[in-house]
Every structure is written in C-alpha cells, then in structure tokens.
Amino acid sequence: MSVSNQIIKKIKELKKDNSLGSYSHIKNILFNQFIPVFCTEVRPYKIIRYRKHNEDNRNDLFNTSEDLSYRKDILNISNFGRANEPGQGFFYCNDNKNQDTGISEIVSVLRGNHDSEEEVLTIGAWNLMQSLKLAIILPLKSSFLSQEDLKNMEKFYSQIAEGNELEEIKKLVNFIAEEYYLDIDKDNSNYKITAAFSNYVRNVFPEIDGIMYSSIKSEHTGINIVLWPEIVDSKLEFAAARKTVFKKTQEKTFVEEVIAESKMYDTKSDIITC
C-alpha cells in the first residue's frame, strides 16, 4: 500500500473513532506531512457575513460590528465547524458575488428544515483594505476551476514533485478536498478532518489569510470563505448592515423583506445606527 493510501486509511479510521484522542491523532498525522496548498489572491468588492436571529433576539438589532463578526465567546464554542475546532471563532463569510450562497448556508429550510415559515437575519458587509491570499480547497478536477486555474494548479504541483511522488501528493490533496464536499448529515460525516486541515493551513502557511471551498448547501454552485480572526482585524473594515426577514412562499423559495438598514457606523465606539 502506498504511503498516501496508508495515511488516508488511518485518517478515515480515526474520523469514525469517537475517542477523545482521535482528533489530535488526525491533526498530528497531517502536521507531520508536507501538503502543498494552491492559493489565489482576491480582492472582492465586499465581504458578506450572515447572522441569524433566534426567538430570544428576533426583535432586536445587532448594535455593533463585533456582534456580526467572528465569535469571541470561545468558552461556548463546543463543536467542530467546517474549519474551526471547539474553542475557535473563525470568520465564515462570502464575497459579494456569492451572497445567495451565504443565504443557502444559513436559512434553515434550505438546510432541510421544512417546517420553517420565516427567518430573520442580519447581513453584515465589510470593505477589504488589502487583498486576501486564500487557499483553494477544491478537488483537482473541480468544475469551479477555470481552464487557466487548472493549468496553474497543475503547474504548481509539478514544480513541487514529479512522477510517483507527485501522484502521492495529489492523491492526498484530493482526498482532503473531497472531505470539504461532504454533507455531515446526508453523508453521516463529521468535521474532524476539515478542521484539522484548516488549522494545518493556518499554522504551516502564515502568509495565507484563509481558505475557500465549495458550498454544500448551494449544491456546489457557490463558494464559501473562512478567514482567520487576525485577518479580519487587520484587513477588513465594517461598512454596513441590514436586518431582513425571509418569508417562505413555496418549497425552498423565499421572499426577502427588509426590516432595517444601517444609516451610520461609528468606528471609534463600534456602534451601528439604524
């Protein structure tokens, strides 16, 4: 069995293992490999993030940009996310071209909750002060990649290795990318491998600002972005917010009604005025 197949086999076993040490074992295996990461530099017009209101705060406004940003209550983050470990608050977002993707990720009826009739969200928008360098985590034959991207990716990997070593690297990279494609409910999966690899990228490649991967809830028609907290603090500037309600009209179809829009934002006090 090849080295990459041995690694993949062991990681798959650990993913199913519910013991406390299984995640650390996956993480240590990945951190002891050389896994090259293909990157792209982007500077979208806006970065968009959605915050859902629950029954307790349905009628309230989020009054500060911190309310809409990455979670800082790390004592209360007890579960893995697609990219974060328990106790980590990462900035899950979309660019302005993928706003519908963000909606499909957060509106619960689009996530399988057929009983939902309406849902209240606040949409935050940030300006980019600098370009972002993002790791592209997509299968090597992904339909998201243009022909130019595919050529650049092939060139990138061919400069790192050749022959059997190259094929071993690509096999491992592709396996990890396909983990980001899985729906944890439909595929009876979990986030241990994706969280471990996201943290691998963050720690091994400090020049990278975050990751981008295909959105499962949009049926792979859109892209999600995850930024590290320190990147949000240094490269993003809050711009505006809008509170809105999505009302169901028919199966998986909503109309959006705006409740309130921000009129002013004070950067010193971090207060949003509607």
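Side notes on the structure shown:
- Here SER22 clears all of (1) of a type in the set (S, T, N, Q); (2) at pLDDT 95 or above; (3) open to solvent by 40 Å² or more (accessible area, probe 1.4 Å) except the condition numbered (3).
- Residues that are open to solvent by 20 Å² or more (accessible area, probe 1.4 Å) and modelled with pLDDT of 90 or more were ranked within segment 201-222; the one that is nearest to ILE176 (Cα to Cα) is MET212.
- Count - residues of segment 178-195 that are closer than 18 Å to ILE225 by Cα, open to solvent by 50 Å² or more (accessible area, probe 1.4 Å) and among the acidic types (Asp, Glu): 1
- The residues in segment 223-238 that are modelled with pLDDT under 95 and surrounded by fewer than 22 Cβ atoms within 10 Å (Cβ to Cβ) can be counted, and the count is 1.
- Within segment 1-32, the residues that satisfy the criterion of being part of a helix (DSSP H, G or I) and polar (S, T, N, Q) are SER4, ASN5, GLN6, SER22, SER24, ASN28.
- The residue that is modelled with the highest pLDDT, among those in segment 80-101 that are out of contact with any Gly (no Cβ under 8 Å at 6 or more places or on another chain) and not in a loop (DSSP other than H, G, I, E, B), is ASP95.
- Looking only at segment 73-99, and only at residues there that are touching a Pro at 6+ places or on another chain (Cβ under 8 Å) and over 16 Å from ASN199 (Cβ atoms), the one that is most open to solvent (accessible area, probe 1.4 Å): LYS97
- Of the candidates LYS171, LYS268, LYS263, the single residue that is out of contact with any Ser or Thr (no Cβ under 8 Å at 6 or more places or on another chain) and open to solvent by 10 Å² or more (accessible area, probe 1.4 Å) is LYS268.
- Odd one out for GLU261, checked against (1) modelled with pLDDT of 90 or more; (2) out of contact with any strand residue (DSSP E or B) (no Cβ under 6 Å at 6 or more places or on another chain); (3) more than 30 Å from GLY87 (Cβ to Cβ): (2)
- Filter result for the condition that a residue is surrounded by 15 or more Cβ atoms within 10 Å (Cβ to Cβ) and of a type in the set (Val, Ile, Thr), over ILE160, ILE137: ILE137
- Residues located in segment 169-199, provided they are touching a Leu at 6+ places or on another chain (Cβ under 6 Å) and more than 18 Å from ILE136 (Cα to Cα): SER189
The values are calculated or read from the model by the stated rules, or taken from the named source; none is laboratory data. It should be emphasised that the depicted structure is a prediction, and the values quoted were computed from it without experimental measurement. Note: ideal-geometry Cβ built from the backbone for every residue, glycine included; neighbour counts use all protein chains shown. Ligands, DNA and RNA are excluded from the accessible area calculation, which covers all protein heavy atoms including side chains. Shrake-Rupley method; radii C 1.70, N 1.55, O 1.52, S 1.80 Å.
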